[in-house]
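To start, the structure itself, in structure tokens.
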Amino acid sequence: MQEVPLSIARLLRFGSTVHGTSTVSTWTGEGVRRATYAEVGSRAAQLAHALRELGVTSDQRVATFMFNNQEHLEAYLAVPSMGAVLHTLNIRLFPEQLVYIANHAQDHVVIVDGALIPLLAKVLPEMTTVRHVVVSGAGDRTPLAIPTVQVHEYDELIAAQPTTFDWPEVDEHDGAALCYTSGTTGNPKGVVYSHRSIWLHSTQVCMTEGFGLTDNETVLAVVPQFHAMSWGLAYAAFMSGASLVMPDRFLQAAPLAAMIAAERPTFAGAVPTIWSDLLRHLDADGGDVSSLREVVIGGSACPPSLMEAFWDRYGIRVVHAWGMTECSPLGSISRPPVTAVDEDAKRAYRITQGRLPAAVEGRLVGPDGEVVPSDGGSVGELEIRGPWVTASYYLDDDPDKFDEGWFRTGDVGVLTGDGFLTLTDRAKDVIKSGGEWISSVELENLLMAHPDVIEASVVGVPDDKWGERPLASVVLVEGAAVDFEGLRSYLGERVARWQLPERWAVIDEVPKTSVGKFDKKVLRRRYADGELDVTTLV
Ligand code: AMP
């Protein structure tokens, strides 16, 4: 067979010609600005010329500090296609982390949304390798004026450039994009995706056993382009011809509902917190979401109650998926197999984290380091390997994460013989109570199915007798009475008695990480610092 490199430039050429009439629509608050993939292709070529003029050669890093929008898509395509490396900066990280990441990656250029200038300006003086900032969209440029950096206007910079580019032939194993994990402990770590890994991952995303994307679909990409490459949606859209709707900075439930009603996407991807906000909004204020065929939820465990609410009340099928920055990120997706005939059997599959595809092998390793069987009952830490799973971190040693060619995910759960994964917890969140393990996720999911509870987070806290015991922090529906005894007996009907939390607290909101996951370390700290008003049931 021929040796043809699988590259982003091929993807760009294909999408912008064969699917030249597909569109990317960026929400502006009232409506959209729209561009065809043909136009995006031309502008990506112009951007590449402009970046060359700014001195971007070879595999230099071009960072983005952006929401999901058309220009971010152009950077996704232009930067890797010209042989450089796209580095997506997470706009929600703490300043120290952003500075660390930009310096570690040695970013040369940062492309920033005008609306994000105030955030970037705070950290720019400490980003020691950045020489150019390219600004897209409205916003006061003054805070960017520092001696080491030249500031450019995105549209002006690309305007006079040729609309075609002689894309270099890259080695498919070369780096195309770089994304840092949100890192709860220690410094964030970089994962470099190769052209090949992105290509292969995109084919999986397009497949029926993935997100099932075709040129007949319109994808609402809520999951940020700075979080795990927006789950591959941007590249998969160029591969399949699916059109894209980009929410830009409008990520709250009301504008999302307006966007869905106006742009009629058929498919969407987001973390559970965003969809539970949207559900509450739809329940309270209504909205036309009838265009949505399917919504993939991942990034944290999707409560079964959320899946069921969307199906029962809006006819939208929620598909649960699991993944990580380190695996591009798609690791598993939950579509019931053909053997599941009745609704109960299908449901039992849907609530799992899903089936690992052919390219992602998984195994479970028990506490003693031995592989345990994939029999649906034996619990262990999930290890994975495959062509879009990282083999190392960028310029960073973390030998603990790699186990003889396998990547240690830090997620604990069970695998079945037919390849389905059910996670019980992150290894560090499992509650170790007197020699038994309690799944915080299971308790959270059950609590969040209770009609009085909006959000619930369960963490292990030190206990003299048992080592650790669960503390349940709940966000209650407005007007609901605080009834911990009631919640506890509700749980008592569903889990073993020794798993029931004694410690309870009501909180206003579950703290979230920069990518919208429950931030359990904040709750543990609040508990340790005595900041929570805890009731102990005996
Ligand atoms: P990130 O690299 O930020 O995407 O985080 C990856 C981690 O998110 C995984 O290792 C899991 O702990 C968690 N995660 C992602 N998807 C799911 C899911 N469907 N259910 C439970 N945890 C998930």
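The values are calculated or read from the model by the stated rules, or taken from the named source; none is laboratory data. In this text, all values refer to a predicted model and were calculated from it rather than measured experimentally. Ideal geometry is used to build each Cβ from the backbone, glycine not excepted, and the neighbour counts take in all protein chains shown. Please note that ligands, DNA and RNA were not included when accessible areas were found on the heavy atoms of the full protein model with its side chains. Shrake-Rupley method; radii C 1.70, N 1.55, O 1.52, S 1.80 Å.
If you go through the range 321-345, how many residues are part of a loop (DSSP other than H, G, I, E, B), more than 8 Å from the ligand (Cβ to nearest atom) and either among the acidic types (D, E) or touching a residue at least 24 places away in the same chain (Cβ under 8 Å) (or both)?
6
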If we keep just the residues of the range 307-320 that are open to solvent by 10 Å² or more (accessible area, probe 1.4 Å) and within 21 Å of the chain's Cα centre (by Cα), which is farthest from the ligand (Cβ to nearest atom)? R317
Could you check, for the range 290-305, whether at least one of its residues is part of a helix (DSSP H, G or I), open to solvent by less than 50 Å² (accessible area, probe 1.4 Å) and more than 30 Å from G175 (Cβ to Cβ)? yes
Has the range 197-207 got at least one residue that is surrounded by fewer than 23 Cβ atoms within 10 Å (Cβ to Cβ), of a type in the set (S, T, Y) and more than 23 Å from M246 (Cβ to Cβ)? no
Checking D463 against (1) under 24 Å from the mean Cα position of the chain (by Cα); (2) open to solvent by less than 60 Å² (accessible area, probe 1.4 Å): exactly one of these is not met. Which one? (1)
Which is surrounded by fewer than 20 Cβ atoms within 10 Å (Cβ to Cβ), closer than 29 Å to H227 by Cβ and free of Cβ contacts under 8 Å to residues at least 40 places away in the same chain, of E502, E478, E468, E531? E531
Residues of the range 78-115 being surrounded by fewer than 20 Cβ atoms within 10 Å (Cβ to Cβ), part of a helix (DSSP H, G or I) and without any contact (Cβ under 8 Å) to a residue 60 or more places away in the chain, in sequence order, are P95, E96, V99, N103, G114
Only one of V389, V412 is within 15 Å of the ligand (Cβ to nearest atom), assigned to a loop (DSSP other than H, G, I, E, B) and in contact with an Asp or Glu (Cβ under 8 Å, 6 or more places away or on another chain), namely V389
Can you say whether T181 is in contact with a helix residue (DSSP H, G or I) (Cβ under 6 Å, 6 or more places away or on another chain) and surrounded by 14 or more Cβ atoms within 10 Å (Cβ to Cβ), as far as the supplied structure shows? yes
Please find, among S197, S182, the residue that is assigned to a loop (DSSP other than H, G, I, E, B), within 16 Å of the ligand (Cβ to nearest atom), in the same structural domain as Y76 (by TED's automatic domain parsing) and touching a Pro at 6+ places or on another chain (Cβ under 8 Å). S182
Of the residues in the range 346-379, those that are away from the ligand (no atom under 16 Å from the Cβ) and either more than 20 Å from G298 (Cα to Cα) or in contact (Cβ under 8 Å) with a residue 60 or more places away in the chain (or both) number 14
Is it true that some residue in the range 159-174 is under 15 Å from the mean Cα position of the chain (by Cα) and among the small types (G, A, S)? no
